[in-house]
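Structure, as structure tokens:
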Amino acid sequence: MFDVTELVRPDQGLINPIIYTDPEIYQAELEQVFARSWLFLAHDTQLPKPGSFLQTYMAEDPVLVVRQRDGSVKAFLNQCRHRGMRICRADEGVARAFTCTYHGWGYNLAGELVNVPMQDRAYHDEIDKSKWGPTQVPRLHNHKGFIFGTWDESAPSFEDYLGDMVWYFDALADRYDEGLTLVPGATKWVIDCNWKFAAEQFASDMYHVPSSHASALVALIEDPAVLAEFQEQSAAAPGRQYADNGHGSGFGLRPDLVPTQAGPDFDAWVVANREQIYRRIGEQRALAVNGHNTVFPNFSWLTINNTMRVWHPRGPGQIEVWSWTYLPKDADEPAKQAVRTSTIRTFSAAGVFETDDGENWTEIQQVLRGHQARRTTFNARMGLGHERHGTDGMPGRVTDDMYTEMAARGMYQRWADLMAGLSWAEIAERDNARRQREQEAHRG
Amino acid sequence: MSNIAATPPTRTDVDAETRYQIERFLYLEAELLDDQRFDDWLQLFDDDIHYWLPTRMTRTVRERDLEVAGPDGAAFFDDDKAFLTGRVRRLASGRSWSEEPPSRTRRLITNIRPVLLDTGEFEVRVNFHVLRSRAERHHDTFFGERTDLLRRVPQEPGFRIARRRIVLDTTTLLAPSISIFL
């Protein structure tokens, strides 16, 4: 067995890297972290009509998400209750019903068992079909088009789970009058690394950009002088980081919404809709909250780069990345194509930013095969003791710099509390006490 | 953004000499990539090149025509000449960490099927199997079909690539990245 207090010390910024490799810890994560947290399932626009379905995962559990005839959404385990076969084997599509191919048990769109072959002869009409539907995801929440689910009946409401992170999330989710839509199709790839490297980086890490992505802008900017000036300016820009409830958001403060990475066709749309964006989320938030984000545990996005993804865990040493490009629903075609191509070129498995992230994480995971390497404590102490609350009037714990690991420590604190088996009430109590201590220390 | 798999009005078979020239051209291209002569490789593309690798998903037989993403859908590559040039510039920067140190690649280009279009251009479908080895033990395989649109030019090596559509046979890419060209 393991003692989580030995594994991470968020208050001291120390991480025992065995949390990235140990199979027993991983199994505990499936139970204590993923089965208790709110997980991203789908965006509304992926399920356009009654019968629209998609397959996704809640950690390792295959889940079907289905649009109902009344417009609501249901999600249930993609597992037949007879012998556990996958009920639906297409990634997405439109269906009237689902039939298990093994013995033919049939389910309706709501995931109710409606047909058992040879019910009279084989089961003597004694099977109570109402009791043998696939396991339903008991709680779903649609936040401005983003559908989340949790297995945990005792988990806080989605609003309480997000806490102040909602303000940072809404810089994306609430940005446009007509909302968002996704470029059709997910881009999926496999990286041999622990899921926490990816989740943590998107929660907390602006610091890696100048080094890891040193070459990305070389692809985007031809003139070396322009490139050097841009790199210097973006690294030196003032920034902020938010962190609480395990979530994180970090960003450099920008003087204007444009230029965007997507180029002139999207810039023109943004400029034409600038007032709309400011009216919805405020000028300060629209300009500031443009960076990296993770909603604990494994849903991440880059606000200004139009990419969002889930890091599905696949054992302690592997993830599947499922990423999507999002767009303003009512943008004109040239603007949409500009966003689509720029995101593909930068943040996908062949993107000039993204390829270098996978390289770091797989190398770390390889190094951690070593016995000594796994016993060597990691330093997550950047900005320790410099946490702040409400910088610039932004809600929650917000530092006065984007170069900090406050959100990484926050993520590992939430992870440790869940792994220790604390109840949600106990976690809330401890978080409140920590916030109070932190605020007093800074006043003191 | 034309889908080059769409059926043009006429397609005629090519003679043995043309077939030989096209095969020789595609083997040369593969050699330039395996030898990491990326600047020379770029010269093989016409200025209006569309270099495209759409994503793919598992669909039922009934919805199979929706398996490969369309021109408005998700993709791994969707590049024009300027961005391909940018990628090559990045590879030469010495700081492109997914290719520094560089991958070792081996390209097998087979089942080359050229046809002459009534535009005078050639549409060439090929099967490919690309193996990539990285660092100590890492290796990836990429396999699928490419459809190229080739134009004859007077200068060596005789053709330019005007469209490339790459379709992998995998849905979930079983690799940490595609930091090479396919």
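The values are calculated or read from the model by the stated rules, or taken from the named source; none is laboratory data. Please read all numbers here as calculations on a predicted model, not as lab measurements. Cβ: placed from backbone, ideal geometry, glycine included. Neighbour counts: every protein chain shown.
Side notes on the structure shown:
- Looking at B:D15, B:D46, B:D34, just one residue is more than 14 Å from chain A (Cβ to nearest Cβ) and either of a type in the set (G, A, S) or over 20 Å from the mean Cα position of the chain (by Cα) (or both), and that residue is B:D15.
- Of the residues examined, A:G185 is one that is surrounded by 19 or more Cβ atoms within 10 Å (Cβ to Cβ), on the phi > 0 side of the Ramachandran plot and either away from chain B (no Cβ under 14 Å) or assigned to a loop (DSSP other than H, G, I, E, B) (or both).
- A:G421 vs. criteria more than 14 Å from chain B (Cβ to nearest Cβ), over 27 Å from B:R95 (Cα atoms), part of a loop (DSSP other than H, G, I, E, B) and touching a residue at least 24 places away in the same chain (Cβ under 8 Å): yes
- For first residues located in segment A:367-391 and surrounded by 12 or more Cβ atoms within 10 Å (Cβ to Cβ), partners that are among the hydrophobic types (A, V, I, L, M, F, W, C) and modelled with pLDDT under 95 and lie 6+ apart or on another chain with Cβ distances below 9 Å form the pairs A:E387/A:A441.
- Residue count, segment B:31-58 (criterion: in a helix (DSSP H, G or I) and in contact with a Ser or Thr (Cβ under 9 Å, 6 or more places away or on another chain)): 3
- Scanning segment A:292-307 finds one or more residues that are within 13 Å of another protein chain (Cβ to nearest Cβ), polar (S, T, N, Q), crowded, with 22+ Cβ neighbours inside 10 Å and within 28 Å of A:E159 (Cβ to Cβ).
- Criterion: touching a residue at least 24 places away in the same chain (Cβ under 8 Å), part of a loop (DSSP other than H, G, I, E, B), within 14 Å of chain B (Cβ to nearest Cβ) and crowded, with 16+ Cβ neighbours inside 10 Å - qualifying residue of A:R81, A:R86: A:R86
- Positions within segment A:118-146 being surrounded by 10 or more Cβ atoms within 10 Å (Cβ to Cβ), farther than 23 Å from A:F158 by Cβ and among the basic types (K, R), in sequence order: A:K129
- Elements of type helices (runs of 4 or more DSSP H) contained in segment A:105-180, each with 3 or more residues being within 25 Å of A:Y326 (Cβ to Cβ), among the hydrophobic types (A, V, I, L, M, F, W, C) and out of contact with any Pro (no Cβ under 8 Å at 6 or more places or on another chain): A:165-173
- Consider segment A:366-380 and keep the residues that are touching a helix residue (DSSP H, G or I) at 6+ places or on another chain (Cβ under 7 Å) and assigned to a helix (DSSP H, G or I). The one that is nearest to A:D192 (Cα to Cα) is A:V367.
Here's the yes/no breakdown for (1) more than 14 Å from chain A (Cβ to nearest Cβ); (2) surrounded by 13 or more Cβ atoms within 10 Å (Cβ to Cβ); (3) in contact with a Leu (Cβ under 6 Å, 6 or more places away or on another chain); (4) assigned to a strand (DSSP E or B):
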residue	(1), (2), (3), (4)
B:G94	no, no, no, no
B:T110	yes, no, no, yes
B:G120	yes, no, no, no
B:F128	yes, yes, no, yes
B:R132	no, yes, no, yes
B:T141	no, no, yes, yes
B:L150	yes, yes, no, yes
B:P157	yes, yes, yes, no
B:R163	yes, yes, yes, yes
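- Residues that are closer than 22 Å to A:A349 by Cβ, β-branched (V, I, T) and either facing another protein chain (nearest Cβ under 8 Å) or in contact with a Gly (Cβ under 8 Å, 6 or more places away or on another chain) (or both) within segment B:49-84 comprise B:T55, B:T58, listed in sequence order.
- When A:Y412, A:Y403 are screened for being hydroxyl-bearing (S, T, Y) and part of a helix (DSSP H, G or I), only A:Y412 passes.
- Residue match in segment A:171-179 (condition: crowded, with 22+ Cβ neighbours inside 10 Å, more than 14 Å from chain B (Cβ to nearest Cβ) and either over 28 Å from B:G94 (Cα atoms) or in contact with a Phe, Trp or Tyr (Cβ under 9 Å, 6 or more places away or on another chain) (or both)): yes
- All helices (runs of 4 or more DSSP H) inside segment A:251-340 with 1 or more residues being in contact with a Pro (Cβ under 6 Å, 6 or more places away or on another chain): A:264-272
- Scan segment B:71-103 for residues that are under 20 Å from B:H138 (Cα atoms), under 18 Å from the mean Cα position of the chain (by Cα) and free of Cβ contacts under 8 Å to residues at least 12 places away in the same chain and the total you get is 0.
- One residue stands out in segment A:346-360 among those that are touching a residue at least 60 places away in the same chain (Cβ under 8 Å) and within 8 Å of chain B (Cβ to nearest Cβ): the one that is nearest to B:A82 (Cα to Cα), namely A:V352.
- Residue check, A:G383 under 30 Å from A:Q284 (Cα atoms), in a loop (DSSP other than H, G, I, E, B) and at pLDDT 95 or above: yes
- For segment A:45-72, a residue qualifies if it is surrounded by 19 or more Cβ atoms within 10 Å (Cβ to Cβ) and either among the hydrophobic types (A, V, I, L, M, F, W, C) or not in a strand (DSSP E or B) (or both), and the qualifying residues are A:Q46, A:L47, A:F53, A:L54, A:M58, A:A59, A:V63, A:L64, A:V65, A:V66.
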